[in-house]
Amino acid sequence: MPFIPALSPFTKALLMHRTLQRNLAAASLGMALTLPFPALVQAQQVNLDIPAQSLAGALRQLGQQANLQILYSPGDVANRRSAGVRGNYAPAEALAAILAGSGLRYSVDGNTVTLVSPGDNSALEMAPTNVNSTGLGETTEGTGSYTTGVTSTATRLPLSIRETPQSVSVITRQVMDDQNATSIGDVLKHTPGVSVQAYDSDRFEYSARGFAITNYQYDGVNTIYDGVYDQGTTHVDMAIYDRVDVIKGATGLMTGSGDPSATVNLVRKRPTRDFQASITGSAGSWDNYRTEGDVSGSLSSDGSVRGRFVGAYQDRNSYLDHYEQKKDITYGILEWDLTPDTLLTFGIDHQNVSPRGTSWTGNPVFASDGSKLDFNRSWNPGTDWSRRDFESYTYFTSLEQNLANDWKLKVHMNQMRNEHDTLLGSASGGNPDPVSGEGAFFYWGHWEGKRVQNTFDANVSGPFELLGRDHELVAGFTAAAARTTGDDFDNTAFELVPGNIYDWNGDFPKQNFPKIGDYETNQRQNGAYLAARFKPTDDLSLILGSRVSDFKYDEKHDNLDGSPRLNRATYEQHGVVTPYAGVVYDLDEVYSVYASYTGIYQPQTLKDTSFNTLDPVEGYAYETGLKAAYFDGRLNASLAVFRIEQDNVASYVDTVDGFDRYRAIEGATTKGVELEIVGELAEGWNITAGYTYARTRDADEQRVFGFPLAATKPEHVAKLFTTYQLPGELNKFTVGGGVDWQSGFYAQIWNPALNDNAILEQGSYALVNLMTRYQHDEHLSVSLNANNVLDKKYYSGMGNFSTVFYGEPRNLMLTTRWDF
């Protein structure tokens, strides 16, 4: 039997001190100590992600992720190392693994573990850290949770949702599985506060707080957004991701440029130390077939080398006539513990998307006499040869090095190589005769390009002491450079759609668009950032930060003879400062109030009516609110009030000689409120719900229409989704469902009877979705998802070349999964 020392009066006093308890790390038991300890043995398994590192750091992370508390003498853990632990473990097992070979002794009191070394009579002290009592870490896979314990997307500092002074939505692996969200589009359309509008059959715009989302990250590393050309951003498949963090509002501290909408961070799945594997097959409406495979585990006997491979293939038709799409995804990742303090990661993912029958725009709206046209939802203006083929390879590597005094160095590098070949034809132009259906014309053309984007981020973070209190600091540098090259084609040929547009079926001769030149685009963004989280008191946190950025953009088009064409766009800015400030005050163990402020900066390449480049969008974003963490953080709720002020916001004016022209709006102001609740309401009952109101007006109180969609954003967005595992003998069944509702929005559509734009409104609508799952045993499960079960007919997009696009009708998907 191991030696179990009695707790001294000093230690008991420390355990009773509530304020210090909230700042404890949790810790562990020794490998050599094999006697059961009831409170820990009876605890349920938790999903852990603790890399090899110093013993002190491993204990701190274990405490955060497993809801444990530790008392120890600093000398007992100094200069000791731990191999870490990853996967699903009972706390007792994890503690044993963390302390393997340390020889430390222990005592247990509930969830508090006291560590001592043989013969060590020095005073004990509590480990300084921020407790996360959810039992959750950053990894969400395997937890069954709708929330997470830690997120660092907003500031690079590992904070809980309650500790982050901005609105945060985390879409976990369980949420994605329950909603059958297989693409980033599926994820975002159900995310609280996010609305979606369709350009056409293959491109979508996602918005938050009244503005398009233009900031996307992968494992926290920024990318350069390609906008309407969409080099695959809205087609990303979710088979390879653990979760998606969505930080609402302006995020200039970490992203530099961007719109004050949101930042979407896609976090990849990581290898597990223990073997795990699964295979999934799905079949759904319109011949939608999909299969996934996922295998992970150690590649060395000691678990220091771990690997994971994920593959997916999808072949589907659509509610749209003569449309089909094939998609295949492969993903591989390796982790190697070079030393107990050094983790090296390397991975690659590949995605290939091949649609046919692609519509470039949607359906025409007005007839030649100004009357409104009416098409079936299945009507597809695309030709049968129209396509938007896209292929991407992403190579990524990272190095994580634990330094002295619990500091850490992280270096991430990504290279994204994308190719697209776009041959489009869409019978949606013009205003056909209301009786004969004649007079429509084609929007069409040929575009292709290759883009190589390199991104880099390096940062150091850790604790420091000031005025007798512990604080945290992160400092880093990030760089992104993208070069796009391709051929220019002559797309000016005009062709009428033959016959009656109502008889259109996509059958039209494939066109040849002659090459007339080539183009090259170079874009760079570099930035240095610094942020510190000060703790003046136990209940008060103050986050101060700033970023200094450089931007450069150059686009040129040359004719076949090498002579330049006139439509060249450039900009260059240096030393742009983006400030950030946030404050969080804990009212008690559950509630906190917060406020934050950040700058907004977004360079533009759009032209005004004199064909001069618009000045960058600049402004400020303010947010304040209340957050709550119920049931030890397993249920998170927030209320936010925000205000966004911007100048130089672009508004579409007209098109002259094929070039779009815009005007800069001064004094664009957005005011709004946001509510969200997510997590576990009761055992087996999960929920994710939110409501956002965002009203944007210019200085004259007029609506602001976006671009390239000449449409507003809905001012009210509400999302609700919940699941419940039935009790007793029916506990193999989980049932759930939700509603996605949004208020009306408006678009500017050309009406020939007015010889001007008319305002078209899509009224408010609600989409009802249902799901059920049967868990036959630990290996086999069967799920059924039903979307738009009331078969609501609505426009999912308006204003792209004066067309409209219908949303999906009712559809089903049946999924079977086998876990090995």
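The values are calculated or read from the model by the stated rules, or taken from the named source; none is laboratory data. Here the structure is a predicted model, which is why all the values come from computation and not from measurement. Cβ placement follows ideal geometry from the backbone for every residue including glycine, while neighbour counts extend to all protein chains displayed.
Brief remarks on what is shown
- Residues of segment 586-628 classified as among the charged types (D, E, K, R), closer than 23 Å to Ile161 by Cβ and assigned to a strand (DSSP E or B), total: 3
- For Ser167, the criteria (1) over 26 Å from Asn88 (Cβ atoms); (2) among the small types (Gly, Ala, Ser); (3) surrounded by fewer than 22 Cβ atoms within 10 Å (Cβ to Cβ) hold in every case but one, which is (3).
- Being more than 24 Å from the chain's Cα centre (by Cα) and among the β-branched types (Val, Ile, Thr) holds for only one residue in Thr358, Thr345, Thr394, Thr330, and it is Thr358.
- Residue in segment 429-475 that is surrounded by the most Cβ atoms within 10 Å (Cβ to Cβ), counting only those that are closer than 27 Å to Glu391 by Cα and among the small types (Gly, Ala, Ser): Gly449
- Lone qualifier among Val583, Val576 - being modelled with pLDDT of 90 or more, of a type in the set (Val, Ile, Thr), surrounded by fewer than 20 Cβ atoms within 10 Å (Cβ to Cβ) and in a strand (DSSP E or B): Val583
- Members of segment 547-572 that are closer than 20 Å to Asp226 by Cβ and polar (S, T, N, Q): Ser549, Asn567, Thr570
- Residue check for Ala637: touching a residue at least 60 places away in the same chain (Cβ under 8 Å), surrounded by fewer than 21 Cβ atoms within 10 Å (Cβ to Cβ) and small (Gly, Ala, Ser): no
- Pick from segment 549-568, criterion surrounded by fewer than 16 Cβ atoms within 10 Å (Cβ to Cβ) and hydrophobic (A, V, I, L, M, F, W, C), ranking: nearest to Thr605 (Cα to Cα): Leu566
- Taking first residues from segment 782-795 that are closer than 8 Å to Gly807 by Cβ and partners that are part of a loop (DSSP other than H, G, I, E, B) and of a type in the set (Gly, Ala, Ser), the Cβ contacts under 6 Å between residues at least 6 apart in sequence or on separate chains come to Tyr794/Gly807.
- When residues in segment 381-409 are screened for being hydrophobic (A, V, I, L, M, F, W, C), within 22 Å of Leu424 (Cβ to Cβ) and outside any loop (DSSP other than H, G, I, E, B), 1 of them pass.
- Take the conditions (1) modelled with pLDDT of 90 or more; (2) in contact with a helix residue (DSSP H, G or I) (Cβ under 6 Å, 6 or more places away or on another chain); Thr234 misses just one of them, which is (1).
- Inter-residue pairs, beta-carbon under 6 Å, first assigned by the TED database to the domain that holds Asp777 and among the small types (Gly, Ala, Ser) and in segment 275-293, second modelled with pLDDT under 95 and in a strand (DSSP E or B), 6+ apart: Ser278/Asp819
- Scan of segment 671-681 for residues that are touching a Lys or Arg at 6+ places or on another chain (Cβ under 7 Å) and either at pLDDT below 90 or closer than 28 Å to Thr148 by Cβ (or both), ordered by number: Gly672, Glu674, Gly679, Glu680
- Any hit, segment 679-701, residues being in contact with a strand residue (DSSP E or B) (Cβ under 9 Å, 6 or more places away or on another chain), among the polar types (S, T, N, Q) and surrounded by fewer than 16 Cβ atoms within 10 Å (Cβ to Cβ): no
- Failed item, numbered, when Gly297 is tested on (1) at positive phi; (2) within 22 Å of the chain's Cα centre (by Cα); (3) not acidic (Asp, Glu): (2)
- Residues located in segment 629-648, provided they are more than 15 Å from Glu666 (Cα to Cα) and not in a strand (DSSP E or B): Phe631, Asp632, Gly633, Arg634
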